[in-house]
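**Q** Take this structure first; my questions come after.
The values are calculated or read from the model by the stated rules, or taken from the named source; none is laboratory data. It should be emphasised that the depicted structure is a prediction, and the values quoted were computed from it without experimental measurement. Neighbour counts run over all protein chains shown; Cβ positions are idealised from the backbone, glycine included. Keep in mind that these areas ignore ligands, DNA and RNA; they rest on the heavy atoms of the full protein, side chains included. Shrake-Rupley method; radii C 1.70, N 1.55, O 1.52, S 1.80 Å.
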Amino acid sequence: MTDRELADLAYEMLKRSYVPYSKFPVGAALLCADGTVFTGCNVENAAYGSTICAERTALLKAVSEGHRNDFVRIAVVGESEDYCWPCGSCRQMLYEFAPKLEVLVGKADRSFIKLRLDKDLLPHGFGPASLN
Ligand code: THU
């Protein structure tokens with residue numbers, strides 16, 4: 001699967017976002033080594049803090065379906081002028097399973113950039129190895 005195709009799957013998820021409060025849809029698509037893709041969108045809640053981000057929706061779908069150490073790349077996209085930067089909680093959750101994950105970050109015009117989770121988004125991250 002190309003980066004463009006993965007990003008497009010994430011853009012497709014924008015229409016599933018449940019965002020009555022922020023009106024800020026986010027879509028995600030997580031690629032596994034075997035080619036399986038888990039998609040996600042943000043799901044908000046009247047108790048705002050209970051909101052789940054798009055990346056974590058995709059990640060938890062994947063983990064709950066038996067995927068864990070085979071994540072290759074994730075696309076995270078939004079509809080704003082700037083790139084849809086993954087929040088700190090999502091960076092941390094992804095780091096647990098895939099510190100070297102490639103992250104495609106997209107914006108409204110459907111352009112995206114490719115970053116590395118450990119090098120670019122969460123340097124010196126705290127992960128399972130930190131507990132040794
Ligand atoms: N959001 C995500 O889905 N992913 C992120 O990494 C950043 C924030 C969502 C949460 C909330 O529904 C909306 O964007 C505004 O914060």
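**Q** Where the accessible area of the chain is counted over protein heavy atoms with a 1.4 Å probe, how much of it, in %, is carbon and sulfur?
**A** Numbers: 3760 of 7020 Å².
It is 53 percent, rounded to a whole number.
**Q** Roughly how many whole Å is it from the C-alpha centroid of the stretch 13-37 to that of the stretch 40-113?
**A** If you average the Cα positions of each part, the centres end up 7 Å apart.
**Q** Okay, moving on. From the cross-link list Lys23/Lys107; Lys15/Lys100; Lys15/Lys61, which pairs have alpha carbons spaced over 26 Å apart? Walk me through the intermediate numbers first.
**A** Numbers: Lys23/Lys107 15 Å; Lys15/Lys100 29 Å; Lys15/Lys61 18 Å.
Cα-Cα > 26 Å for Lys15/Lys100; rest within.
**Q** Please list, in chain and number order, the residues 5+ apart from Leu101 or on another chain whose amide H is under 5 Å from its amide H, with Hs placed from the backbone.
**A** HN-HN under 5 Å from Leu101: Leu117, Asp118.
**Q** On a full-extension model of 0.36 nm per residue, what is the gain between Val43 and Leu131, subtracting their alpha-carbon distance, rounded to one decimal in nm? Kindly include the intermediate steps, with their values, before the conclusion.
**A** Working: separation 88, 0.36 × 88 = 31.68 nm, distance 3.16 nm.
Extending this stretch completely gives an extra 28.5 nm.
**Q** Right, something else. Placing +1 at every Lys and Arg Cβ and -1 at every Asp and Glu Cβ, with all other atoms neutral, what dipole size does the chain have around its Cα centre, in debye to the nearest 20?
**A** 140
**Q** Pull up the DSSP beta bridges for the chain and report the antiparallel fraction as a percent, rounded to 5.
**A** Working: 18 of 24 bridges.
Beta bridges within the chain, antiparallel portion: roughly 75 percent.
**Q** Counting only GluC sites (Glu not before Pro) that are in a DSSP loop and have at most 15 other C-beta atoms within 10 Å, tell me the longest site-free stretch of the chain.
**A** Between exposed loop sites, the widest span is 1-64.
**Q** For the stretch 29-85, what is the accessible area per residue in Å², given a 1.4 Å probe and the full set of protein chains?
**A** That works out to 48 Å² per residue.
**Q** List the residues of the stretch 106-131 whose backbone N lies under 20 Å from a point placed 7 Å from the Cα of Ala33 along the Cα-to-Cβ direction.
**A** It comes to 116-119, 128-129, nothing else.
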